[in-house]
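For reference, the structure is listed below as structure tokens.
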Amino acid sequence: MAKDLQPDLLALVRDPIDPVALVEHVRAAEDGAVVTFDGCVRNHSHGRHTLYLDYEAYESMALGKIREIAEQIHEKFPIHLVAIAHRLGRLEIGETSVFIAVSSAHRPAAFDACRFAIDTLKRTVPIWKKEYFEDGAVWADGEIPPAPLETRAAKPAS
Amino acid sequence: MARHSFAGYNSLVSLSSQTAHVKVFFFGRLKEIVGRAEDSIELPDGSPIEALFSHYGANHPELARYRASLVASRNQEFVAWSTPLHSGDEVAFLPPVSGG
């Protein structure tokens, strides 16, 4: 957990993300680096022209999993603060869907923590995007989150 | 697609006379298949999540086809499909995640 009085900023939002506000939130006098990740809506997917995306989330669980990521990177890396915002709803091409900012005294920790945060978010946070094309829409291929091992009594449904 | 047996579910009825009231959430393509985002259901106390999924899979064969790619959650934590359910639990069946 963050020991700082100023807490991390973790949010699911429906309005456009303001990257500058997130950077300002994490940077302080003792920091020598702020590393950011700006995830944006691409205009193509698997060779098809994308029109827009629609994100939905299991919001309470997603926020809980984002909090776990923040706790993990504080444990793993000597960072100062982290801000993570993920947007939901319809997003147009070029808009920011997720933004992460990490501050630290020295740059390696901020780079490593930012990379860990986005990689873990994409594997464990229950958010889904639907991709809209000129000729239809599909739910994006995703990653299966790691789940606890089944006990011997568990039977697959099919 | 074969209809799913309710064997696992029914055998639990004899083990427990208690009923669990559970809230269930569907997301992404599962929500489209089932035609609703959430449901409230009663089942024998202690039934595994797998039995609950089989119930919906029996009514929606297309749902059952996605079983291998799904992860279950109880009270907003990823759990094994054998996890028993009790009154007040909140369950979700989660397709592969694609945030970011």
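FYI, it's all coordinate maths here, none of it is from the lab. Since we're looking at a predicted model, the values are computed, not measured. Every residue, glycine as well, gets a Cβ built from its backbone with ideal geometry; the counts of neighbours run over all protein chains shown.
List of remarks:
- The long axis of helix A:107-124 is offset from the longest Cα principal axis of chain A by roughly 30 degrees.
- Ellipsoid semi-axes for segment A:1-61, based on the Cα gyration tensor and the rule √(5λ), read 30, 16, 10 Å when sorted largest first.
- Phi angles of segment A:90-104 translate, via the Karplus equation with coefficients 6.51, -1.76, 1.60 and θ = phi - 60°, into HN-Hα couplings of 7, 10, 8, 4, x, 6, 7, 8, 9, 9, 10, 10, 10, 10, 7 Hz per residue; Gly and Pro are given as x.
- The dipole here belongs to segment A:22-158: it is taken about the Cα centre, uses +1 on the Cβ of Lys and Arg and -1 on the Cβ of Asp and Glu, and is about 320 debye.
- A dipole drawn for chain A from +1 and -1 charges on Cβ atoms has a positive end, and of A:Phe99, A:His86, A:Ser60 the residue lying farthest that way is A:Ser60.
- Amide H within-cut-off set for A:Cys40, under 5 Å, with H built and near neighbours excluded: A:Ser97
- Cross-link pairs beyond the 23 Å C-alpha cut-off, checked among A:Lys65/A:Lys130; A:Lys76/A:Lys129; A:Lys130/B:Lys31: A:Lys76/A:Lys129
- Derived from the Cα gyration tensor, the three semi-axes of the equivalent ellipsoid of segment A:1-154 are 28, 21, 13 Å, largest first.
- For q = 0.14 Å⁻¹, Debye-computed log10 I/I(0) when each Cα of the protein assembly as shown counts as one equal scatterer: -0.96
- Amide H contacts of A:Tyr52 (H built 1.01 Å from N, under 5 Å, at least 5 apart or other chain): A:Tyr132
- Considering only alpha-carbon pairs that sit under 8 angstrom and 6 or more positions apart, the relative contact order computed for chain A is 31 percent.
- Acute angle (nearest 10 degrees) that the helix A:59-76 long axis makes with the longest principal axis of chain A, alpha-carbon atoms: 40 degrees
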